[in-house]
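Worksheet: one structure, shown below.
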Amino acid sequence: MIIACGSLKAELERFGPHQDNIRMHYMSQNLHRYPDKMREELQERIDSFNEKGNTIVLGYGLCSNGVSGLLAGKNGIYIPRVHDCISLYLGGAERYHAHFSRRPGTYYLTQNWIENQKDPLGLLENEYTQRVGAEMAKEAIEWELKNYKYICYIDPGSEDPSPYRERAKENARVLGKKYFEVKGNDNFFRRILYGPYSRKYFVYIEPEQTSNYKNFFKQEN
C-alpha cells in the first residue's frame, strides 16, 4: 500500500503502478502546511490499511516533522529518507544537498505546484489577496521569501515545460529573485513504487513502533 501526498500523483502515476498488488491512496496537497493535521490524517489511513501482509510505503519525506510520531501497524512503514518532496523530485537527498551547496537560498517549483497554483504568485493571487488585500498580500509573500535568493524550476522531462517555465520565471521577476532550472530525476519515484526499500534510501519503522525525526538523520548503508 502506498500513501502519498497528492503533489506526487502525476509523477507516481507516470511510472505505474503496473502490478496488481500495489494500491495507491493520495492525501490532500494542502496538508504540508499543517504538520500536526498531516500526522493525524496519515495515522488514520495507516490504521485503516493495517491488514495482514499489507506493507505500507509513504510518498512523503520528513515534511516539517509531519511524519514524526506515526505508529506503524503489523508490517511496519517505509518512509523516504528525505526532508521534503523537493528531494524526491531531484532524485534523493544527496542530489538535493549537492544543489543546495551550490545555491543556498533556493525556492524550488515543480509542475504540480504551479498547476495547482501553490507557487508564490498562485498563493498571492488566490489566497493572500482575498484575505488581506493586494498591497498587504504582496508584502506578506515578499516577507515569507525574504531569505531566498533564487527561484528554480525542476523540469521533469516528461512533456513540454514551456508554460511552467514561464510561470516560474514570472515568479522570479515579480518577487525579485534570480531564476534557474534543473533537470528532475525520477529514480526515487520508481523506488517508492517498486523498491528495493534499502535503509540507505528509506527509514523503516518496525511493526508497532513509532517514527521519530531522529530516524532520518541516522547513517545507513
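With each label modelled as a point 7 angstrom along the Cα→C-beta vector, the Asn126-Ser64 pair spans 1.8 nm.
Report the relative contact order of the range 104-221, percent, no decimals, based on alpha-carbon pairs under 8 angstrom and at least 6 residues apart.
Values: 113 pairs, mean separation 28.8, N = 118.
So the answer I get is 24 percent.
What separates the Cα centres of the range 198-219 and the range 64-122 is a distance of 16 Å. Fully extending the segment from Asp36 to Gln209 would add 60.4 nm, taking 0.36 nm per residue of separation and subtracting the current Cα-Cα distance.
In this view, the solvent-accessible surface of Arg33, computed with a 1.4 Å probe and all protein chains in place, comes to about 80 Å². Scaled against the 2.2 N^0.38 Å expected of a compact globular protein of N residues, the Cα radius of gyration of the range 68-116 reads 1.47. Summing charges over all other residues whose Cβ lies under 12 Å from the Cβ of Thr129, with Lys and Arg as +1 and Asp and Glu as -1, gives -2.
Scaled against the 2.2 N^0.38 Å expected of a compact globular protein of N residues, the Cα radius of gyration of the range 27-130 reads 1.23. For the range 116-221, the solvent-accessible area with a 1.4 angstrom probe is 60 square angstrom per residue. The fraction of accessible area contributed by carbon and sulfur in the chain is 45 percent, rounded to a whole number (1.4 Å probe; ligands and nucleic acids excluded). Suppose R0 equals 22 Å. What FRET efficiency, 1/(1 + (r/R0)^6) with r the Cβ-Cβ distance, do Glu166 and Glu144 give to the nearest 0.05? The computed FRET efficiency comes out at 0.50. Running a GNM on the chain with Cα contacts under 10 Å, which residue among Leu62, Leu123, Leu42 ends up with the highest mean-square fluctuation? Fluctuation is largest for Leu123.
Diagonalise the Cα gyration tensor of the chain and give the resulting equivalent ellipsoid semi-axes, square root of 5 times each eigenvalue, largest first, whole Å. Mind dumping the intermediate values first?
Working: eigenvalues 194, 72, 56 Å².
The equivalent ellipsoid of the chain has semi-axes of 31, 19, 17 Å.
Placing pseudo-labels 7 Å out from each Cα toward the beta carbon at Ala98 and Asn116 gives an inter-label distance of 2.8 nm. Less than 5 angstrom separates the built amide H of Ser198 from none of the residues sequence-distant by 5 or more or on a different chain. Taking the C-alpha atoms only, the angle from helix 134-144 to the longest principal axis of the chain is near 50 degrees.
Determine the calculated [θ] at 222 nm for the chain from helices alone, applying -39500 (n - 2.57) to every DSSP H run no shorter than 4 residues and normalising by the residue count; nearest 500 deg cm²/dmol.
Numbers: 10 runs with 82 residues, N = 221.
Value at 222 nm, helices only: -10000 deg cm²/dmol.
Remark: the chain carries a charge dipole of roughly 740 debye about the Cα centre, counting +1 on each Lys and Arg Cβ and -1 on each Asp and Glu Cβ.
The values are calculated or read from the model by the stated rules, or taken from the named source; none is laboratory data. In this text, all values refer to a predicted model and were calculated from it rather than measured experimentally. Cβ: placed from backbone, ideal geometry, glycine included. Neighbour counts: every protein chain shown. Only protein heavy atoms, including side chains, enter the accessible area calculation; ligands, DNA and RNA are left aside. Shrake-Rupley method; radii C 1.70, N 1.55, O 1.52, S 1.80 Å.
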